[in-house]
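The values are calculated or read from the model by the stated rules, or taken from the named source; none is laboratory data. Not measured: the values here are computed from a predicted model. FYI the Cβ positions are ideal-geometry reconstructions off the backbone, even for glycines, and counts take in every protein chain you see.
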């Protein structure tokens, strides 16, 4: 609304994306080896474009958001690291098989968490990357974004990334000042104290059904 | 009522010590869980259905307008708190928002300020107390209200007082005032529907999820800009032991407290020897 020219460009870009999608061409995949803020912007744009392609999110259609997150965000998420940090000191007590099962079980919850910030996407929704602060050469940093909806409400979403051998990987997410890993640490510890690591895996798997 | 709930907290605490490994921030967990279940039952049976109904019968533009108008009058008290916290720029920006939205935004119906790059800076008296140096105190779930803490409970009474001068509470006509209070509650609940539905989908234990989210968010509000530059430090446990950095005085319970040696850009300066 503020910059009509930009929204026109975005509309054109969207039409372009739709055309490309129809032609089954994967174009300009997010560059995990580039600048971290550009990379996040690309991931966010691609995700929003995929959600908008179907005319936005109809209320209650969470399954579709989950599916888009799985195909467009999850490939860039190091969910094993997220699980490891959420488990904290209990991670080392788990056997390799348990660690694998735990990460696998937590994945569904992670997808739903990432999807949680995207349930109100419509054609006006825009994700804007905020100016980068801090040390751009660091290999563990945060890219801050703001998702603005058509009803004027903004949601702040920050991504914490780590540079790996295969490029940038997202491992933690902050929605409205709440960090994902920090919010799961107590719940993980609680379950493990009550029912052990297998109990936690079972509880997570139950939530996936 | 607060005194009553505190007394009740004490009683319940004496009566049940069943919580294993209590979180140091939540010594009254047994009592809090009881109130949480009560609030949850009230919400699921009354408030949530009413709010869902409200979103069905009112078109989105009307709801947005109502929501914006409540936010707009709330900006006055938020600005006062920014001032009390010594965040002068926030106070000026929030007052600017109020004037801009009240005039060009037709009485606050349209949030023209956000559309022009000045988003809301929510603020309240509990945050002010935090900025003044009062700790969160024990976590406290208030009946009908929800997550709070001893400090924020005291803050709420301050907010109520401020509200009687700056917001709906300033309206003299009792009927109008009470109707607007009712609408405000429904509006707040309706705007939280997405958030609470998400919690239902992703929380292992909704009680701890809400508690940890609340404490994190309040902590971040008190720290303001500083908080954004201090990332949670997960390296002390779980992560593979590494010697590449010595985390400065990290504590697992309050990782967002500014660590000595962390400068404005969030990078960690080498510790002094």
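Only one entry of A:142, A:175 meets the criterion of being more than 8 Å from chain B (Cβ to nearest Cβ) and either surrounded by 17 or more Cβ atoms within 10 Å (Cβ to Cβ) or modelled with pLDDT of 90 or more (or both), and that entry is A:175. With respect to the conditions (1) within 18 Å of the chain's Cα centre (by Cα); (2) farther than 29 Å from residue B:230 by Cα, residue A:82 falls short on a single one, namely (2).
Which members of region B:68-88 meet the condition of being more than 19 Å from residue B:99 (Cβ to Cβ) and over 17 Å from the mean Cα position of the chain (by Cα)?
Result: B:84, B:86.
Within region B:221-232, the set of residues being at the interface with chain A (Cβ under 9 Å from one of its Cβ atoms) and closer than 21 Å to residue A:88 by Cβ comprises B:231, B:232.
Checked against (1) buried (at least 17 other Cβ atoms within 10 Å of the Cβ); (2) within 11 Å of another protein chain (Cβ to nearest Cβ); (3) assigned to a helix (DSSP H, G or I); (4) over 20 Å from the mean Cα position of the chain (by Cα), residue A:183 passes all but a single condition, namely (4). The set of residues from region A:75-101 being within 12 Å of chain B (Cβ to nearest Cβ), under 22 Å from residue A:209 (Cβ atoms), touching a residue at least 60 places away in the same chain (Cβ under 8 Å) and out of contact with any strand residue (DSSP E or B) (no Cβ under 8 Å at 6 or more places or on another chain) comprises A:86, A:87. Confirm whether residue B:90 is touching a residue at least 24 places away in the same chain (Cβ under 8 Å), in contact with a helix residue (DSSP H, G or I) (Cβ under 7 Å, 6 or more places away or on another chain), buried (at least 19 other Cβ atoms within 10 Å of the Cβ) and under 20 Å from residue B:160 (Cβ atoms). No. Scanning region B:199-213 for residues that are assigned to a helix (DSSP H, G or I) and either surrounded by 19 or more Cβ atoms within 10 Å (Cβ to Cβ) or more than 8 Å from chain A (Cβ to nearest Cβ) (or both) gives B:199, B:200, B:202, B:206, B:207, B:208, B:209, B:210, B:211, B:212, B:213.
Here B:134, B:100 are screened, and the one residue that is assigned to a loop (DSSP other than H, G, I, E, B) and at pLDDT 95 or above is B:134.
Restrict the check to region B:24-32 and report whether at least one residue is away from chain A (no Cβ under 14 Å), within 28 Å of residue B:211 (Cα to Cα) and surrounded by fewer than 19 Cβ atoms within 10 Å (Cβ to Cβ). Yes, some residue in region B:24-32 is away from chain A (no Cβ under 14 Å), within 28 Å of residue B:211 (Cα to Cα) and surrounded by fewer than 19 Cβ atoms within 10 Å (Cβ to Cβ). Residue A:165 meets each of the listed conditions (1) under 23 Å from residue A:75 (Cα atoms); (2) buried (at least 16 other Cβ atoms within 10 Å of the Cβ) apart from (2). Among the residues of region A:107-128, those identified as within 10 Å of chain B (Cβ to nearest Cβ) and under 15 Å from residue A:201 (Cα atoms) are A:108, A:109, A:110. Tallying residues that are under 18 Å from residue A:71 (Cα atoms) and either modelled with pLDDT under 90 or exposed (fewer than 14 other Cβ atoms within 10 Å of the Cβ) (or both) within region A:90-139 yields 5. At least 3 residues being farther than 27 Å from residue A:141 by Cβ is the threshold, and among the helices (runs of 4 or more DSSP H) wholly inside region A:30-92 those reaching it are A:62-72.
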